[in-house]
Amino acid sequence: MPDPRSSSTGLLAAVSAYGLWGLLPVYFIALEPTGPVEIVAWRILLSLVFCLIIIAATRSFPALRPLVVDRRILLLSAVAAALIAVNWHVYVYASVSGLIVEAALGYFINPIVTVALGVVFLRERLRPAQWCAVGLSIIAVIVLAVGYGTVPVLALALAFSFGFYGYVKNRMGPGVSAVGGLTLETAWLVPLAVGQLLVLAGLGALTAGTVGPGHTVALALAGIVTAIPLLLFAAATRRLPLTVVGFVQYLNPILQFLFGVVVMGEAMPLERWVGFSLVWLALIVLSTDAVRARHHSRRRAAPPPVEPV
């Protein structure tokens, strides 16, 4: 029997993680006039600092050593670092450029991209409902592309970069903790972050410490803002079934979508409503199928009833 307290804690952690991720555009916009390149650079450096502080406080350095000497883990963490760097740059750019709704579309599409990656790389066989969800998503992208006269590049970049990131993290295995994985990934990205900051400083475009004390403090929180949702997510996945986590993940793009439309006033012409509606329909089909499949597997795994003597 699952522990009700553990499940409640896990659900709270999952809602908190995806809720914080959904509100990230608010934080990035509050950092104006800092641009996306500088925000991501500080996010990388300060995330590494925050992770090292956590490791030091919990005396977890011995657990980090096996990861550092494992060539396979190091290689996979380097690939994951490259993917998350792309994701962060695109996401922050979308947030500060008034393209929050398109970013939300990317995270709505992400679960379907994950299913497609399972077919391509893991040779998984899709059920009819899953094929239907993938087909609806492709139609949605076509509708949006035709309506806008261009492919939603930012949304697809977010969906595929995070989808491949999740795949690589899965290949790393459960032995790599959230803190350990983020530590390795940000360590790989330090040269990139330092290079970006040096270029901005050379151009006279560095904003850190030049806008005001409030802005400086907000920018200094980039590491905490990045790491805390990830740690909450790790806590949730250890306490909840993946189907529950899968449902909660939609909180992130829903909050982004509402923020973009209601607060920032982004346009929602007919073709965008049609495209989003198709994606939402695909997610309903995918989620319903996942629940049915889980229920069916539980029934098959249950012991046969005992016949009365």
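Laboratory data are not the source of any read-out in this text; all were calculated from the coordinates shown. Because the structure is predicted, anything quoted here is derived from the model rather than measured. Positions of Cβ are generated from backbone atoms using ideal geometry, with glycine treated the same way; all protein chains shown enter the neighbour counts.
Select from the stretch 235-291 the residues that are surrounded by 14 or more Cβ atoms within 10 Å (Cβ to Cβ) and farther than 28 Å from residue 129 by Cβ and list them in ascending order.
235, 259, 260, 261, 264, 266
Select from the stretch 223-234 the residues that are of a type in the set (Gly, Ala, Ser) and buried (at least 19 other Cβ atoms within 10 Å of the Cβ) and write down the one among them that is nearest to residue 182 (Cα to Cα).
Per the stated criteria, the residue is 227.
Please work out if residue 176 is among the β-branched types (Val, Ile, Thr), touching a residue at least 12 places away in the same chain (Cβ under 8 Å) and not in a helix (DSSP H, G or I).
Numbers: among the β-branched types (Val, Ile, Thr): yes; touching a residue at least 12 places away in the same chain (Cβ under 8 Å): yes; not in a helix (DSSP H, G or I): yes.
In short, yes.
Consider residue 146 carefully, then state whether it is over 18 Å from residue 253 (Cβ atoms), buried (at least 16 other Cβ atoms within 10 Å of the Cβ) and among the β-branched types (Val, Ile, Thr).
No, not satisfied.
Quick one: how many residues across the stretch 28-66 are in contact (Cβ under 8 Å) with a residue 60 or more places away in the chain and on the phi > 0 side of the Ramachandran plot?
Selection size over the stretch 28-66: 0.
Restricting attention to the stretch 199-217, which residues are surrounded by 13 or more Cβ atoms within 10 Å (Cβ to Cβ) and either hydroxyl-bearing (Ser, Thr, Tyr) or part of a loop (DSSP other than H, G, I, E, B) (or both)? Walk me through how you get there before you give the answer.
Residues of the stretch 199-217 surrounded by 13 or more Cβ atoms within 10 Å (Cβ to Cβ): 199-200, 205-208, 211, 215-216.
Once the filter is applied, which keeps residues that are surrounded by 13 or more Cβ atoms within 10 Å (Cβ to Cβ) and either hydroxyl-bearing (Ser, Thr, Tyr) or part of a loop (DSSP other than H, G, I, E, B) (or both), the stretch 199-217 yields 205, 206, 207, 208, 211, 216.
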